[in-house]
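The structure appears right after this line, and notes come after that.
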Amino acid sequence: MKKLLGIGIVGICALSITVIAGIALVIMLIVSMIASDEEVAASESSISDGLFCSPTKEVDTTTWNNAFKNAGVLADKGDKFISVAKEQGIDPVLFAAISFHESSYGKSDAARYKNNIGGLMSSNGLYVYSTLDEGIEAMGRTLHNRIIVDGKNTIELLGSVYAPLGASNDPNNLNANWIPTVTKIVTDLGGLTMNCEASEGITTDFDFSKLNESTASELRKKVATTGMKWLGRPYRWGAGRTPAEIAAGLFDCSSFVRWVFYENGINLGPMGATSTETLNKIGKKISIKDIKIGDVIFFDTVKKDGHIVIYIGDGKFIGANGDNKTGSISIQNLSAPYWKRTFTGHVRRYIND
């Protein structure tokens, strides 16, 4: 290896293209091994390079039209979504993404037989509309009220209305999928065209006074809340290991934890080489009964200690959860069936107080 690194510039220039390509491949493999700790390996999921926000802040017509081709009864309604969104002052991409999710891409019974493409309900059940255009207009008005009137102008904030976590009618915690799924559809549609600043920099007030952990130190509270500005950002396996990725809010589970602590003056390891396999060897292992805000929790996903998150109190945690298809930075409940099944008691403490 020392001889290889010691080859001079002249020697490198003399190497064949095949040899150079081989060296590049070795380097790529080493880099990929650094980040191979996450719950979903790159070979096991299709990486989406879609943007959370449209670079032009305009609808990408080609991407938009291709998405609507597979949208069931909504296939020819792309222009209608745009016109209603303009009338209501809302983002057409966000409008369509929520509709696609709520109507199973225009294939749900509600969409096909009731022209209800937004899951709109009264005390008597789902509303029935005479035409699809009427259903689209009704959903547009509803979103106007939520986004413009109520100020819920991000996917995360809308998720608290459409799919609140811990709802009594959601025993299997399926509502936790709403934000990452809508976020994924937004990227598939080319990215948001409005409120991008709000969506990329969400700040969530976390009221510690209502929790048993209200006496947590200021440092612990900062660790618990620092990452909340990225809520809803898509999960990216292997990301969060360059300044550019961090600036864009792209992380996997271990890089997210490393960044949060680093922002608060605690260095858990190098930016490019921190993984769950390094994080599970530092700090102090503690019992779950002694957990405090700011401690970290490991889960056995595809392997032992394959996923790491930050505990924020009240039985909840924040982390880069999921995979490249539907994952996002999100707050979830430790009591949810999946997390209960994959938690084996591994909790660590990096804050000495």
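The values are calculated or read from the model by the stated rules, or taken from the named source; none is laboratory data. Here the structure is a predicted model, which means the values were calculated and not measured. In this analysis, Cβ positions are derived from the backbone assuming ideal geometry, glycine residues included, and neighbour counts consider all displayed protein chains. Accessible surface areas use protein heavy atoms only, side chains included; no ligands, DNA or RNA. Shrake-Rupley method; radii C 1.70, N 1.55, O 1.52, S 1.80 Å.
Among the residues making up region 142-170, those that are part of a helix (DSSP H, G or I) and exposed (fewer than 14 other Cβ atoms within 10 Å of the Cβ) are Asn145, Ile148, Val149, Val161. Between Gly135, Gly118, the distinction of being part of a loop (DSSP other than H, G, I, E, B), without any contact (Cβ under 8 Å) to a residue 60 or more places away in the chain and over 20 Å from Gly190 (Cβ atoms) belongs to Gly118 only. Pairs are defined by a Cβ separation below 9 Å, a sequence spacing of at least 6 or placement on different chains, a first member in region 67-87 that is under 11 Å from Glu137 (Cα atoms), and a second member that is surrounded by fewer than 17 Cβ atoms within 10 Å (Cβ to Cβ); the pairs so defined are Lys80/Asp133; Val84/Asp133; Val84/Arg141.
For (1) part of a helix (DSSP H, G or I); (2) in contact with a Leu (Cβ under 7 Å, 6 or more places away or on another chain); (3) modelled with pLDDT of 95 or more, each residue gets a yes or a no:
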{"position": "Leu4", "(1), (2), (3)": "yes, no, no"}
{"position": "Ile7", "(1), (2), (3)": "no, no, no"}
{"position": "Leu29", "(1), (2), (3)": "yes, no, no"}
{"position": "Phe68", "(1), (2), (3)": "yes, yes, yes"}
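On the stretch given as region 260-302, residues that are surrounded by 14 or more Cβ atoms within 10 Å (Cβ to Cβ), among the small types (Gly, Ala, Ser) and over 18 Å from Asp353 (Cβ atoms) total 2. Given the criteria over 20 Å from the mean Cα position of the chain (by Cα), aliphatic (A, V, I, L, M), surrounded by 15 or more Cβ atoms within 10 Å (Cβ to Cβ) and more than 23 Å from Thr183 (Cβ to Cβ), does Val347 qualify? Criteria met by Val347.
Summed over region 336-353, the residues that are in a helix (DSSP H, G or I) and of a type in the set (A, V, I, L, M, F, W, C) give a count of 1. Here Asp314, Asp323 are screened, and the one residue that is at pLDDT 85 or above and among the acidic types (Asp, Glu) is Asp314.
Just to be sure, is Ser104 without any contact (Cβ under 8 Å) to a residue 60 or more places away in the chain, closer than 18 Å to Ile185 by Cα, open to solvent by 30 Å² or more (accessible area, probe 1.4 Å) and under 25 Å from the mean Cα position of the chain (by Cα)? Yes: the conditions hold for Ser104.
All of Asp323, Asp305 fail the test of being open to solvent by less than 50 Å² (accessible area, probe 1.4 Å), part of a loop (DSSP other than H, G, I, E, B), more than 30 Å from Ile185 (Cβ to Cβ) and of a type in the set (Asp, Glu), apart from Asp305.
Of all residue pairs spaced 6 or more apart or on separate chains, those with beta-carbon atoms under 7 Å, a first member in region 296-310 that is at positive phi and a second member that is open to solvent by less than 10 Å² (accessible area, probe 1.4 Å) and in a strand (DSSP E or B) are Asp305/Phe298. The residues of region 233-261 that are in contact with a Gly (Cβ under 8 Å, 6 or more places away or on another chain) and not in a helix (DSSP H, G or I), listed by number, are Arg233, Pro234, Tyr235, Arg241, Thr242, Leu250, Phe251, Asp252.
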